[in-house]
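A quick write-up on the structure given underneath.
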Amino acid sequence: MTIENDENSKLMKIHVSGLALGMNVVQLDKAWLDSSFLYQGFIIESQNDIRLLEEECEHVWIEPVTDIRSTKKGERLQVLEKKQNQKARYINKLSMSREYEKSYEAFQVSRLKTKAILDNIAFSDVINIKEAKEAVETCLDSIIRNPNAMLWMSRIREVASYTADHSLNVCILCLALGRHLGYSKDELFALGMCGLLHDVGKMRVAEEVLNKPSKLTEKEWKQMQAHVIFGRNLLMESPDVGQSVDVAYSHHERIDGKGYPRGLDGSQLSEFTKIVSLADSFDAMTANRIYSKAMTSSAAVKEIYASRGTQFDEKLALQFIKIIGLYPPGTVVELSNGYLGIVLERSQKYQRLPKVLLLKDAAGSEIKKELIDLSLIEHGKMDRAFLIKNDHHDGYKGLSVADYKDFIISLA
């Protein structure tokens, strides 16, 4: 390991090959603004952080810590693990556009894996756990770096593959909320598996019932409800699935005890189950399905807010709303001046003032693509005519998130 004392400061210069967990990186061998990192300084919390630094730099400067050379690696990791077990702390280490560039292909691979997993269940009743783990790991790495990119991509849907897309989207939403709650990486992975596999039992429901465009009969509704039992049974026959068995069985229970199949109340439900229930409902409400049209994101958020304490755990519902926001990445929005755009990145501080990619003027004509930060309105630096008036479903007036991949990558 190469560590040098900086003559002009108390910092230590270190080659990237000598980086370790727990080090506080405060300076690069280039300007922070010339790098892909969103924040000027952060603590190394994972091997992925080290890989990102290796891609960008040859040397970095860290705060001097006496135990880097004198303390055994195992002891340093124990100290770090103890801190992380209290509550993990995450920051967006890459900009949304740079993360989109890094994760788009990985997202598509996870999507294909999810479809293959469900297709395999339909034909053989066997869950490919290895593929499921790989799909979750891919999404998790991206969510940890910056959740906005994966949240954007979760808006890309195909009606014909609703169950597969829904399963992956629920996984992504669960990971985003778990990250916000300070879950450790191991806890996030376990939660992601629960989200991905929560609906596997639907592969045992007759297709004519699963995709019926009209209202289900009482008999058909009972068959649909049985998917939670089918899911539990399938997962019980699979190795190394953690809490996925319980979550698949219980994600349609309610806090007030009026859910199914057992009528359990909130005191009998795990936190993972409560989180998956929130993610499941939000994604279902905001998706076009054979038998129903999509709600807007803001309408779905209002529905979750209204159902807190009855259908959903109140504290978790409020945290979910906080992290998703009224206008999640990928939401088509109409501004007060009539302009149309798509939300690129939500604001942590101002829920109603995200970054928006402007795409059409008030007459519906395409304009030169422009990224604007609506939080400037709060500081008097942008006209209030750019406030969001309404949000719309994907595809509104020809605007679909899937069509702007290349442009977003060009922003990186």
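Over the chain, with a Gaussian network built from C-alpha contacts below 10 Å, which listed residue (His15, His392, His251) shows the highest mean-square fluctuation?
Evaluated over the chain, the most mobile residue of the options is His15.
With a Cα-only, solvent-free Debye model of the stretch 287-360, what are the log10 I(q)/I(0) values at q = 0.13, 0.17, 0.25 Å⁻¹?
Values returned for q = 0.13, 0.17, 0.25 Å⁻¹ are -0.45, -0.72, -1.13.
For the stretch 167-207, what is the convex hull volume of the alpha-carbon atoms per residue, in Å³?
In the stretch 167-207, the Cα convex hull volume per residue is 50 Å³.
Can you check how the C-alpha radius of gyration of the stretch 253-336 compares to 2.2 N^0.38 Å, as a plain ratio?
In units of the globular-protein estimate, the stretch 253-336 measures up at 1.15.
GNM on the chain, C-alpha springs below 10 Å: top fluctuator among Gly201, Gly341, Gly380?
Comparing Gly201, Gly341, Gly380 in a Gaussian network model of the chain, the most mobile one is Gly380.
Would you calculate the volume per residue, in Å³, of the smallest convex hull containing every Cα atom of the chain?
Hull volume over Cα atoms, normalised by residue count, gives 157 Å³.
Just to be sure I follow the definition: excluding the sites themselves, where is the longest run in the chain that has none of the trypsin sites (Lys or Arg not before Pro) in a DSSP loop with at most 10 other Cβ atoms within 10 Å?
Result, exposed sites excluded: 88-214.
For the chain, modelled as a Gaussian network with Cα springs under 10 Å, which listed residue fluctuates most, Leu177, Leu168, Leu53?
Judging by the Gaussian network model, the answer is Leu53.
Take the Cα coordinates of the stretch 108-238, assign each an equal point scatterer, and use the Debye formula without solvent to give log10 I(q)/I(0) at q = 0.10, 0.13, 0.20 Å⁻¹.
-0.33, -0.54, -1.13
For the stretch 191-250, restrict the atom set to alpha-carbon positions and state the Rg and Dmax in Å.
That works out to 12.3, 38 Å for Rg and Dmax.
State the number of lysine pairs found in the stretch 82-172 whose Cα atoms come within less than 30 Å, restricting to pairs 8 or more positions apart or on distinct chains.
21
Mind checking the log10 I(q)/I(0) for the stretch 341-406 at q = 0.15 Å⁻¹? Debye, one equal scatterer per Cα, no solvent, two decimals.
-0.48
By the scheme Lys and Arg +1, Asp and Glu -1, what is the net charge of all other residues having a beta-carbon under 13 Å from that of Pro213?
+1
Would you calculate the volume per residue, in Å³, of the smallest convex hull containing every Cα atom of the stretch 258-412?
138
Assuming 0.36 nm per residue, please report the length gained on full extension of the stretch Glu207 to Arg89 beyond their Cα-Cα distance.
Answer, rounded to one decimal: 38.1 nm.
Report D for the stretch 97-162 in µm² per second (integer): Stokes-Einstein, Kirkwood Rh on Cα pairs, 25 °C, 0.890 mPa s.
195
Readers should treat all values here as calculations from the given coordinates under stated rules, not as data from a laboratory. Only a predicted model underlies this, so the values are computations on that prediction, with no experimental measurement involved. Cβ sites come from the backbone with ideal geometry, for glycine too, and all protein chains shown count toward neighbours.
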